[in-house]
Structures are given as C-alpha cells and as structure tokens.
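Data block below; observations after.
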Amino acid sequence: MTEPATTAIGIDIGGTGIKGAIVDVLSGELLTERIKKATPEGGEPDDIVSTVKELIAELGDVPEGTPVGVCFPAVVEHGRTMSAANVSKNWIGLEAEKLFEQHLGVDITFVNDADAAGVAEAHFGAAKDVKGLVIMTTLGTGIGSALIYDGVLVPNSELGHMDIGGRRDFEKRASFAAKERGKLSWTRWTVRLQAFYSQLEKLLWPDLFIVGGGVSKHHKQFLPLLNLRTPIVPAMLRNNAGILGAAALAAHAARNTGDRTTGDLLAKTEDR
Ligand code: BGC
C-alpha cells in the first residue's frame, strides 16, 4: 500500500492573481515559495489553465502522484463550474475539473475558493477545533462564504449574493471592492457589513464568524465597530488560505478512492 500523501499542490485562482505552492498538509506550512502570476486578461478558461500549468512547472520537481487542488471563485458542482459572478461567463456550465485534468495530465480536486479558505481555517487556523457552525466569509472582489459544521464543510453556500433590505446581490454593496469603488470610510463600509452579518446571524445562528480576504489584515479598523452577538474574528491564514485549503482537500481526496468532486466534500474534513 502506498503511504498517504502528506504534501500537495494548492492553487488559488482569483480575478486578478493566480497563486500556488507546495504544502505540507499535516502542518499547513508552505514547502516552497508562493508563486503568483497575473490572471490573464478576460479570465477565459483556456488562458487560465495555461497559466496554472506554467505556475506548476515553476514549483520545481514535484514527486509523481502529488495531489493537486485548485480553487476558483464560482459554485463548483461535481467538477463543473456553475456560476461566474466576477469571472468570464464562459465558465458557467464548464467541466472545469476535466479541462484542468486534460491539460495538466493529472487528477485534480476542483473547489470553490471560499470553501477552500474555510477548510484551511478549519484545519490550521481560526476554526480549528471549533464546535458548531462556523461561517467563513471572504471580503474581496466579491463576498465568498463557507459553512463549516463541527469541522465538516457544507459546500457551495453563496451568502454574498443575498438580497438584504431591498438591495439585491449584497456583495455589490459590502465587498471590499464596493468599499474601494464607493471610496467608503471604514465607518460607512461597516454599516453595510453590519447589515450583512446581522442577516446571517438572524438566519443561521452561527457560533463563530471568520473574516478573510486581503482586507482582514486591517481588521482592527472595522471588526470592533460591528455589533453582533456572535464572536467575529479575522482569518489566521490570510493570503494562503485558498492554497492551503485546496491542497488539504486534494490530499484528502487522494487518500480516499472515488469521486474527487464537491459531491464528497461533506466527508473531506472529517478525518483530520
Ligand atoms: C462568487 C463565489 C466566490 C466569491 C469570492 C462570489 O462572487 O459567487 O463563488 O466564492 O465571489 O471569490
């Protein structure tokens, strides 16, 4: 019997950048430098696949059979991308996992970016050993979300797209990009975040909120302004969360035979 994988490649595809590294999935440490490439203009599937291929080549000699996990800002059902809120519409309905596998010549695990970040926080960060419902939110170009219950991911929540107070698709008002677009002060932005997190509290009664995305490094500017009954903390893994979560999920999938798609994500965080 072969030894279970303790290292995996994690790739995090975003609207502006694509990041990747080799990860020790037991400790959550990066074993290589993190490589970052610009997302090709237009974000078309074939261009992104080529960039990911180049990035993996730059990671150096990777032992054959190293699991590869890729996360992406869309709903991912059974390896197929089902939405495209801030990326090219050509991803909608695409067999993305298959496309990557064909070009990279290896099996991959393809998941939603916020789900990957949530899994990373559950394995190595702010949600480690937290019981009950943790809601991970990422504040970036959009708002991503991950639901983790007793360490187990419930994939493909899309809480950033809720309508709140008559405003449609609330990520357009409360994402970090919305703050920048509207040149909002921390205080004015926090009014919108308050509406967002209050709504989540009202509907889901979580035990913990985690706030990720690049802006989470400035958490002291806005988290103390929020008035919530649920504890709310910054993500611990910051920029590496997507890479770490994608790698952890890929390593887990490699340890388990069968379907490597979001269909079996429910079980993927169980045997930590
Ligand atoms: C997408 C999500 C994604 C989030 C963060 C949203 O617009 O619908 O799938 O997780 O952005 O990238």
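The values are calculated or read from the model by the stated rules, or taken from the named source; none is laboratory data. These figures come from a predicted structure and were not determined experimentally. Positions of Cβ are generated from backbone atoms using ideal geometry, with glycine treated the same way; all protein chains shown enter the neighbour counts. The accessibility values were calculated without ligands, DNA or RNA, using every heavy atom of the protein model including side chains. Shrake-Rupley method; radii C 1.70, N 1.55, O 1.52, S 1.80 Å.
Go through region 10-22 residue by residue and turn each phi into a ³J(HN,Hα) via Karplus (6.51, -1.76, 1.60, θ = phi - 60°); whole Hz please, and just put x for glycine and proline.
These are the phi-based 3J(HN,Hα) values: x, 10, 10, 9, x, x, 10, x, 10, 10, x, 6, 8 Hz.
If a/c stays under 1.5 just call it rounded; otherwise compare a/b with b/c (prolate if a/b is bigger, oblate if not). Do that for region 86-178, with a ≥ b ≥ c from the square roots of the Cα gyration tensor eigenvalues.
oblate
Once a ≥ b ≥ c are taken as the square roots of the eigenvalues of the Cα gyration tensor of region 38-129, is the result rounded (a/c under 1.5), prolate (a/b larger than b/c) or oblate (a/b not larger than b/c)?
oblate
Please list the non-local residues whose amide H lies under 5 Å from the amide H of residue 138, H modeled 1.01 Å from N, same-chain partners needing a gap of 5 or more.
Under 5 Å from the amide H of residue 138: 144, 145, 212.
What do you get for the angle between helix 113-124 and the principal long axis of the chain? Use alpha-carbon atoms, 0 to 90 degrees, nearest ten.
Helix 113-124 sits roughly 80 degrees off the main axis of the chain.
When you count, for each residue, the other Cβ atoms within 10 Å and take the mean per peptide, how do 82-91, 63-72, 217-226 rank with the highest first?
Most protected by this proxy first, the peptides run 63-72, 82-91, 217-226.
Would you compute, for the Cα atoms of the chain, the largest minus smallest coordinate along each principal axis and list the three values in descending order, in whole Å?
That works out to 52, 40, 31 Å along the principal axes.
Write down the accessible area per residue of the chain in Å², having rolled a 1.4 Å probe over the full set of protein chains.
46
Quick check on packing: order 107-119, 188-200 by the mean number of other C-beta atoms within 10 Å, highest mean leading.
Sorting 107-119, 188-200 by mean packing, highest first, produces 107-119, 188-200.
By how many nm would the segment from residue 164 to residue 98 grow when fully extended, if each residue of separation counts as 0.36 nm and the alpha-carbon distance is taken off?
20.1 nm
What is the set of long-range amide H partners of residue 110 at a cut-off below 5 Å, with H atoms built 1.01 Å from backbone N?
HN-HN under 5 Å from residue 110: 70.
Got a sec to turn the phi values of region 48-57 into Karplus ³J(HN,Hα) couplings, 6.51 cos²θ - 1.76 cosθ + 1.60 with θ = phi - 60°, whole Hz, x for Gly and Pro?
5, 4, 4, 5, 5, 4, 4, 4, 5, 4
Can you check how the C-alpha radius of gyration of region 126-236 compares to 2.2 N^0.38 Å, as a plain ratio?
0.98
Taking a cut-off of 20 Å between Cα atoms, list the aspartates and glutamates near residue 128, but don't count ones fewer than 8 places away on the same chain.
Result set, ordered by chain and number: 24, 29, 113, 115, 150, 207, 270, 271.
Using alpha carbons only, how many angstrom separate the centre of region 1-45 from the centre of region 174-216?
Computed from Cα coordinates, the inter-centre distance equals 27 Å.
For region 126-236, which whole-number percentage of the solvent-accessible area (1.4 Å probe, protein heavy atoms only) is attributable to carbon and sulfur atoms?
Looking at region 126-236 in its full context, I get 54 percent from C and S.
To the nearest 500 deg cm²/dmol, what mean residue ellipticity at 222 nm is calculated for the chain from DSSP H runs of n ≥ 4 alone, each contributing -39,500 (n - 2.57), summed and divided by the residues?
-9500 deg cm²/dmol
Please list 136, 162 in order of solvent-accessible area, largest first, computed with a 1.4 Å probe with all protein chains present.
I get 162, 136, largest accessible area first.
Could you pull out the pairs from 89/172; 19/172; 179/220; 89/217 whose alpha carbons sit more than 22 Å apart here?
19/172; 89/217
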